[in-house]
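Visitor: One structure coming up, written as structure tokens, with questions to follow.
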């Protein structure tokens with residue numbers, strides 16, 4: 001049986017789980033990384049989400065991978081070389097651990113900044129966060145075990161939010177805050 005898309009109510013333990021997961025990464029990676037941030041839906045208070053902790057690790061350069069890949073693999077994280085998104089390097093949790101997606105991106109890149117802006121905008125705009133939660137619940141029901149379909153169906157809404165976040169960022173002078181870890 002395939003892995004169903006499940007959306008659960010916000011869990012106030014998600015930030016703690018991020019810190020417990022990220023702290024060993026920070027220790028192992030040291031100066032090889034510039035930032036470690038909690039991103040994705042579990043990073044937005046009150047937002048219903050898949051119970052997956054998304055962590056963004058910002059590095060000066062994606063290549064060579066050794067300075068971050070070797071320490072991460074020593075902690076049991078699995079490098080996903082088959083990831084088709086070339087703006088990041090992708091790791092998953094060690095077998096048997098809580099579902100974790102680790103996105104390694106180049107510091108200052110559009111992809112890195114967009115993930116932070118998207119998160120910060122939805123943290124500041126509860127109405128849009130709740131619209132996103134309702135959409136995710138509806139799409140999880142509609143797509144069930146079709147994770148790719150679920151992800152693609154969120155696309156138009158995500159782009160709408162990115163446009164709103166861009167306008168918001170200009171009004172408030174948004175800059176990424178300090179690293180979460």
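The values are calculated or read from the model by the stated rules, or taken from the named source; none is laboratory data. Owing to the predicted nature of the structure, the values given are computational and were not obtained by experimental measurement. FYI the Cβ positions are ideal-geometry reconstructions off the backbone, even for glycines, and counts take in every protein chain you see.
Visitor: Determine if the range 30-37 includes at least one residue that is in a loop (DSSP other than H, G, I, E, B), over 20 Å from residue 96 (Cα atoms) and either touching a helix residue (DSSP H, G or I) at 6+ places or on another chain (Cβ under 6 Å) or modelled with pLDDT of 95 or more (or both). Outline the logic, then answer.
Guide: In the first step, residues of the range 30-37 are kept if they are in a loop (DSSP other than H, G, I, E, B); the result is 33-34.
Keeping just the survivors that are over 20 Å from residue 96 (Cα atoms) gives 33-34.
Still in the list and also either touching a helix residue (DSSP H, G or I) at 6+ places or on another chain (Cβ under 6 Å) or modelled with pLDDT of 95 or more (or both): 33-34.
For the range 30-37, residues in a loop (DSSP other than H, G, I, E, B), over 20 Å from residue 96 (Cα atoms) and either touching a helix residue (DSSP H, G or I) at 6+ places or on another chain (Cβ under 6 Å) or modelled with pLDDT of 95 or more (or both): present.
Visitor: Here is a further query. State whether the residues of the range 42-57 include one that is in a helix (DSSP H, G or I), in contact with a helix residue (DSSP H, G or I) (Cβ under 8 Å, 6 or more places away or on another chain) and at negative phi. Steps first, answer last, please.
Guide: First, pick out the residues of the range 42-57 that are in a helix (DSSP H, G or I): 42-43.
From what is left, the residues that are in contact with a helix residue (DSSP H, G or I) (Cβ under 8 Å, 6 or more places away or on another chain) are 42-43.
Adding the requirement that they be at negative phi leaves 42-43.
Checked the range 42-57: at least one residue is in a helix (DSSP H, G or I), in contact with a helix residue (DSSP H, G or I) (Cβ under 8 Å, 6 or more places away or on another chain) and at negative phi.
Visitor: In addition: Go through the residues of the range 58-76 one by one and say whether even a single one is closer than 21 Å to residue 5 by Cα and either buried (at least 16 other Cβ atoms within 10 Å of the Cβ) or in contact (Cβ under 8 Å) with a residue 12 or more places away in the chain (or both).
Guide: Residues of the range 58-76 that are closer than 21 Å to residue 5 by Cα, as a first pass: none.
So far as the range 58-76 goes, no, none of its residues is closer than 21 Å to residue 5 by Cα and either buried (at least 16 other Cβ atoms within 10 Å of the Cβ) or in contact (Cβ under 8 Å) with a residue 12 or more places away in the chain (or both).
Visitor: Could you grab me the full set of residues in the range 106-129 that are under 12 Å from residue 165 (Cα atoms) and touching a strand residue (DSSP E or B) at 6+ places or on another chain (Cβ under 7 Å)?
Guide: Matches in the range 106-129: 115, 116, 119.
Visitor: How many residues, within the range 135-181, are without any contact (Cβ under 8 Å) to a residue 12 or more places away in the chain and within 19 Å of the chain's Cα centre (by Cα)?
Guide: Qualifying residue count, the range 135-181: 11.
Visitor: I would also like to ask the following. Considering only the range 12-28, I want to know if a residue exists there that is at pLDDT 95 or above, surrounded by 14 or more Cβ atoms within 10 Å (Cβ to Cβ) and not in a helix (DSSP H, G or I).
Guide: no
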